[in-house]
Structure formats: C-alpha cells, structure tokens
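Here the structure is laid out as structure tokens; the discussion comes afterwards.
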C-alpha cells in the first residue's frame, strides 16, 4: 500500500497514511512523525495503533521567528508552551502511556550574528542567523 494513496481527493492527501514510514517492501511500521498539524486527532487512536510516538522536542525557536536569540530545545518555559515539559506532558496527560512516548533531542545547535557581541544571553538582539555549520547544515 502506498502511503500517499487513500480514498480522499488527490488534492488532499491523507495525513494519517502519509505519516507512516516505510519499513520494507509493501509494509509500513506504525511509527509517527508528530507535528502541530496533528494536534486535533484523537490521542487514543495513536495509543491503540502505534508502537511509539516520536515527539519532536526541538526547533521551538530560531532565526525564522524572531530578531532575538532563543533556546531551540527548551526544557521549561514559564512564559509559553514552547518547551519539552509542556509538549511531552500534553501527550502523557491525554492518556498516551509513557512507554510509547519518545522525546526527540536535537544533536545540533543554532547560531546567530549578534548586534552586540558582548550580549550572548537568550533574548539578545540579532542581526541575522549565523552561518550554516559544516556537519549539521543548521544555522
């Protein structure tokens, strides 16, 4: 079965089927790449049908969303819901068993060109994103 095919119109591919990852010829492993667009789905359907849920717990902030530095993999954030604590907690609070939730951890950092090189704190004003790193290709 092709994950891009479904009974829905061709212009509106099925996001559930598109989320399954190929695990071999003509088979799909029930693992899911979770993102905010799936927030409205019923959590129990995930718990009943998937072995695990990989929750992307990074890229909360970057040069794309603000002219200030920000932590892209925040553990706690008391001013917003952009944190690992809130994201993982939301899945657990919805009834997903903890043994099915896998917390994604970034293996790279982000960089910026600062307006003031002496102010390297989170929230410091930036000129632009820093150069792409050789190994990760991230800024």
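Pull up the range 37-57, narrow it to residues that are modelled with pLDDT of 80 or more, out of contact with any strand residue (DSSP E or B) (no Cβ under 6 Å at 6 or more places or on another chain) and in a loop (DSSP other than H, G, I, E, B), then point me to the one that is farthest from residue 103 (Cα to Cα).
So the first thing to find is which residues in the range 37-57 are modelled with pLDDT of 80 or more, and the list is 47-57.
Next cut, out of contact with any strand residue (DSSP E or B) (no Cβ under 6 Å at 6 or more places or on another chain) only: 47-49, 51, 56.
With in a loop (DSSP other than H, G, I, E, B) added as a condition, the list becomes 51, 56.
Values: 51: 14, 56: 7 Å.
Per the stated criteria, the residue is 51.
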Okay, strands (runs of 3 or more DSSP E) sitting entirely in the range 83-139 with 3 or more residues that are within 17 Å of the chain's Cα centre (by Cα), I get 101-103
The condition of being at pLDDT 85 or above and touching a helix residue (DSSP H, G or I) at 6+ places or on another chain (Cβ under 6 Å) holds, among 96, 105, only for 96
Restricting attention to the range 58-70, the residues that are over 20 Å from residue 137 (Cβ atoms) and at pLDDT 85 or above number exactly 2
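The values are calculated or read from the model by the stated rules, or taken from the named source; none is laboratory data. Fair warning: this is a prediction, and the values are worked out from it, not measured in the lab. With ideal geometry, Cβ positions are generated from the backbone for all residues, glycine too; neighbour counts draw on all protein chains shown.
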